[in-house]
There are 2 protein chains.
Amino acid sequence: MERIMLAHGSGGRLSHELIRNLFQKYLGNSYLDQMNDAALLPGLEKIAVTTDSFVVSPLFFRGGNIGKLAVCGTVNDLAVSGAIPKFLTLALIIEEGFPMDELERIIKSVAETAAEAGVVIAGGDTKVVERGSADKIFINTTGIGYITDRSVGPDRIQPGDEILITGTIGDHGIAILSEREGLEFQTPVLSDCAPLNNLIDTFYLPGVKCMRDPTRGGVATTLNELAQQAGVSLLLNEEQLPLSPSVEGACGMLGLDPLYLANEGKALVIAAPDAADQVLLNMRAHPLGRKAARIGQVQEGKPGLVLLETFLGGKRILGMLEGEHLPRIC
Amino acid sequence: MERIMLAHGSGGRLSHELIRNLFQKYLGNSYLDQMNDAALLPGLEKIAVTTDSFVVSPLFFRGGNIGKLAVCGTVNDLAVSGAIPKFLTLALIIEEGFPMDELERIIKSVAETAAEAGVVIAGGDTKVVERGSADKIFINTTGIGYITDRSVGPDRIQPGDEILITGTIGDHGIAILSEREGLEFQTPVLSDCAPLNNLIDTFYLPGVKCMRDPTRGGVATTLNELAQQAGVSLLLNEEQLPLSPSVEGACGMLGLDPLYLANEGKALVIAAPDAADQVLLNMRAHPLGRKAARIGQVQEGKPGLVLLETFLGGKRILGMLEGEHLPRIC
């Protein structure tokens, strides 16, 4: 009997197979088939909607907690889709016996992060299950945004376009891992967990062709999705990848590739060559974009192929995340 | 240290206290403070949104399963709010090791029920947690609907209005309980789990002033909410309550009050006296409303008071559900 495995929730290959073989099979429609981070819905005033459940463990970590994460994750899915995030719903599944003060800290954090992002919690739900039937608390947020005239999507990507990222990679993944394993670094690694909509408002120009937030599965998996959807090849330059020294050290020590680690406050941006310089300047002018960098290029070539030009000058293929290294990263 | 208890998720008194003391305190805004089943959101084309997580146990029961329930629950919250349900998002939290064939049955059921209700699943998310960190599967659905000119809400309720219900009460609660306890009745009790939007389209008239679906906490708890929000007294007549013989028998045997049992396919309707007869006729013309009945009246008197006139002619106060008799009923 086939069974659900942790990797089905990883955002990697098995997740994609599950979507194709089960969800698209039964539920496929023109909205779901867009396969973007948010669904754009018709109406006289167009709206965008996206949903995400958060099961991160531990609940509290350096740089954030499950409440902050639940707001950022959904706000960011709307923002990278070119929408202006406006409303969130918040649904909690709580284990019997969960401490009220921890719940209060989480809800406060939801409120603060929603205020920072300028979104309104427009609805909610709470379920409590018996002790042992859920691990502490799970949170679903669903977001609704207004559609702007920002036309972004993988269909606009062309050879010659530049690949930019708004800052260092792998911080969230290492922050969670170090909490779990009790690892101490000289400079502690903080999760990058942040709402990106204000940053995006700052750097956006019509030359921006596509945006994604590289969460579960990391930069490598997100770029694989884009390369497939756009039918292009992507070439990344390892030397240009922004990495904090602590994340670089942790990855070296633990044998992890930062390209597969989750980020919760970074946008990958594909920009036209004549716009890329200005977009990069705009990014760096915002506190969340100071470490923004150009990290690669869109190329002709085998559709769906993502290549990494390494420090040594060689090239290797970057596939999607296989299996699940870090369950419950978000 | 104060801790979350099962009753915090019951829909009863402690749920209301949690909402007031925690969620409204930190997250209160004009949308959440409406305290209706769905939030009505501004925009050139007005939309409604509602969210609900489903943790029902067992997952499969006579008359439905968690997938069907997750669609009905959210569709019904939109429909009783006077909106036309249009879009749903679907977010799954699945325990590692969950059988794929059961997941497939659930997703099929989601698709079938969404088709029956005429709603489109517009987004989704899947998380998997380690074995033991969740009990099999939890489902969140968030729904978006279009606002109609149906003006319904507790503020329209006036003394003299009639209280109607679209059919028998307590069926879902008894169906779940009998699955859990292995009870057999001569005529098995099926959950009433059904999307109500088509039924509501059939019976709605401008004389309909308010609609609610009496789920967790049952008819008694829902009527308490309405009586408080509208600042009126409500008088129910026990003799007029539609009950299936099996539910009546089960309640007698188990010492349960059907007024506190969950329903998942019933609407409570407050209608103006001159519209009530026609609304009732319209209800009975639809397959889901054949057992519709007039069950009470809105009265002057102590705001928030709900009274039951018993078979014996006496009157007793019906309070909100206290504690939690049946956790994970939805």
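Taken together, the values in this text are just the output of simple stated rules run on the coordinates, not laboratory data. Predicted model only: the values in this text are computed from it and were never measured. Heads up, the Cβs are rebuilt from the backbone with ideal geometry, glycines too, and the neighbour counts pull from every protein chain shown.
Here are some pairs, A:K209/B:K68; B:K68/B:K291; A:K86/A:K127; A:K46/B:K127; A:K68/B:K46; A:K127/A:K209; which of them have Cα atoms lying more than 32 Å apart in this structure? Beyond 32 Å between Cα atoms: A:K209/B:K68; A:K127/A:K209. Secondary structure note: in the protein assembly as shown, about 75% of the DSSP beta bridges are antiparallel.
Classify the range A:128-232 from the C-alpha gyration tensor, please: rounded if a/c falls under 1.5, else prolate or oblate depending on whether a/b exceeds b/c. It would help to have the intermediate numbers written out before the result.
Working: a/c = 2.08, a/b = 1.59, b/c = 1.31.
Prolate, because a/c is 1.5 or more and a/b exceeds b/c.
Copy-to-copy label distances for A:L205, where each label lies 7 Å from Cα along Cα-to-Cβ, are 6.4 nm in order of increasing length.
Antiparallel as a % of all DSSP beta bridges within the range B:36-147, to the nearest 5? Just about 75 percent of them are antiparallel. Shortest first and in nm with one decimal, please list how far the B:E300 label point sits from its counterparts in the other copies (point 7 Å along Cα→Cβ). Ordered by increasing distance: 8.7 nm. Per residue, the convex hull spanned by the Cα atoms of the range A:244-330 amounts to 149 cubic angstrom. Answer rounded, prolate or oblate for the range B:154-317, using the Cα gyration tensor with square roots of eigenvalues a ≥ b ≥ c: rounded when a/c is under 1.5, else prolate when a/b is larger than b/c, else oblate. Since a/c reaches 1.5 but b/c is at least a/b, the shape of the range B:154-317 is classed as oblate.
Under 10 Å from the Cβ of B:S244, count the other residues' Cβ atoms, weight Lys and Arg +1, Asp and Glu -1, and hand me the total.
Combined, the nearby Lys, Arg, Asp and Glu give -2.
For the protein assembly as shown, the alpha carbon convex hull comes to 146 Å³ per residue, rounded to a whole number. Along Cα→Cβ at 7 Å, what distances in nm separate the A:I317 label point from those on the other copies, shortest first? Ordered by distance, the counterparts are at 7.4 nm.
Counting other Cβ atoms within 10 Å as a rough exposure proxy, the listed residues A:I174, A:I295 run A:I295, A:I174 from fewest neighbours to most. Considering only DSSP beta bridges where both residues belong to the range A:220-330, give the percentage that are antiparallel (nearest 5). Percent antiparallel among DSSP bridges in the range A:220-330 is about 65. Here the scattering of chain A is modelled by Debye summation over its C-alpha atoms, one equal scatterer each and no solvent; at q = 0.08, 0.14, 0.16 Å⁻¹ the log10 of I(q)/I(0) is -0.35, -1.16, -1.55.
Counting only lysines at least 8 places from B:K315 when in the same chain, those with an alpha carbon closer than 17 Å to its own are B:K302. For the range A:201-224 versus the range A:50-100, the spacing of their alpha-carbon centroids is 20 Å. Dimensions of the range B:36-147 along the principal axes, based on C-alpha atoms and rounded to the nearest Å, stand at 46, 26, 21, largest first.
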